[in-house]
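Below is one structure, written out as structure tokens, with a few remarks after it.
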Amino acid sequence: ERLETDPTDSIAEPEEDRLVHRQGTIVNPEQPLLATSSCRIPLALLLLGVTALSVCLVVLHRSWTLKKGPSSSEGAANMAESVSLELIGLPTTYTWTTTSLTVTGTRTKTSTTVSTATSSSLTSTTGSTVTTTPWPASLLCWALIVPWTGEVALIGMQSNLNASIFDCDDYSMFSDRVMEIGGHWTQKIPNTDLNAGWDPATQTAQNTWIFHNAWRLFLDEGKWLHHDWVIKVDADAVFLPSRLRAIARDPWVGRVAREGNGVFLNNCKFGLHGPIEVFSRLAMETYNKSWHWCSLVYPQEDVYIKKCMWSSGVRQVDAFTTLAEQHCDEPWFWNCQGSYVSYHPFKDPAQWKRCWLTATR
């Protein structure tokens, strides 16, 4: 977890790519491109008059077309700035603006009914609706377990509840040894001591080297090649994969995730925090190629991976509803209300279960 931006940052933070709505050009039906006033045809020039009449008819047709407005195929591109986005599986109102995506904590019902979980709707301010098929959102989730801590009990309970990483499409667990937890086996990270240092000044674990090795083992495992998104989750985070799928299935998110060097979701207004880290498959492909060059001078793993993504050209997308925790200025995270993807921290199994039941009821 990170309370503030590292003052030693040597990489200039790029202008944040937020969930920006695509704007088209709205044609004003009161202002046609060409005037359609009367065409005077000289009687003495009949042939020229016929030609002029033909031109007038063409202009009249074009003016009528402009007044009619864009065709249905152009609807998705020609929408107003503010759009309400209702996502299947996440009964929450999203508000698209020209700067960012804000999610309210209230749960609402959409007036547009979609019968299957493979549809969503973009509703413009004029009331028109464009129905689209969202991108696939297969999730591969993984966790690092420190065996002498309460994380073993947390993972065991999550396995019994089929919750957290066990509710993803696939999962992996890593530790400094091979051990069974709830019928699942961890993979051993070679040559890695999980005893992380502690920085009293920032109140954060100095765990970059540990996660650097864990990420390398994860990449070598190769499961990420078969999934759309990769999520690293702390054991004490109450993680709800269904809510993340709803975000990942959005057509805009799905498109930008597959452009350039991929994307990662920035989960906190103070910068990426480690309890949950979300990357597109293309971002993992980029990291797999460039990880050798990523600096290890940053002691906190969340700062390390953020800087690595920046230097590798991976796009940052702000999605502040990915995480609720006190260090992200959400002191009421413990009540597990709203539509956040995760709540952190809950180190006691009973409290973790209480939060999970509250969030999923």
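The values are calculated or read from the model by the stated rules, or taken from the named source; none is laboratory data. Remember, it's a predicted structure, so these values are computed and weren't measured experimentally. Reconstructed Cβ throughout: ideal geometry from the backbone, glycine too, with neighbour counts over all protein chains shown. Surface areas here come from the heavy atoms of the whole protein model, side chains and all, with no ligands, DNA or RNA. Shrake-Rupley method; radii C 1.70, N 1.55, O 1.52, S 1.80 Å.
Consider a paramagnetic label point 7 Å from the Cα of K289 along Cα→Cβ; state which residues of the stretch 226-255 have an amide N under 20 Å from it. What the label zone holds, given the 20 Å backbone N cut-off, is 226-230, 255. Compared with the direct C-alpha span, the chain from Q326 to F270 gains 19.0 nm at full extension, assuming 0.36 nm per residue. Sorting 187-197, 305-315 by average packing, meaning the other beta carbons within 10 Å per residue, from highest down gives 305-315, 187-197. Candidates Q326, P299, Q351 compared by Cα position along the dipole of the stretch 291-361: farthest toward the positive end lies Q351, with charges placed on Cβ. Here the peptides 260-268, 173-181 are ranked by packing, the mean other Cβ count within 10 Å, and the order with the highest first is 260-268, 173-181. Solvent-accessible area assigned to carbon and sulfur over the stretch 144-222 amounts to 49 percent, based on a 1.4 Å probe. Between K188 and S138, the modelled label-to-label distance comes to 3.0 nm, taking each label 7 Å out from Cα in the direction of the beta carbon. Multiplying the residue separation of S311 and L161 by 0.36 nm and subtracting their alpha-carbon distance yields 50.1 nm.
Summary of the geometry: the stretch 145-216 and the stretch 326-340, compared by the centres of their Cα atoms, lie 23 Å apart. Each Cα pair under 8 Å and six or more residues apart adds its separation to the average, and for the stretch 289-357 the resulting relative contact order is 20 percent. Only Cα pairs under 8 Å and 6+ residues apart enter the sum, and on that basis the relative contact order of the stretch 209-326 stands at 31 percent.
Annotation: for a label point projected 7 angstrom from Cα along Cα→Cβ of Q206, residues of the stretch 295-324 with backbone N closer than 13 Å are 297-301.
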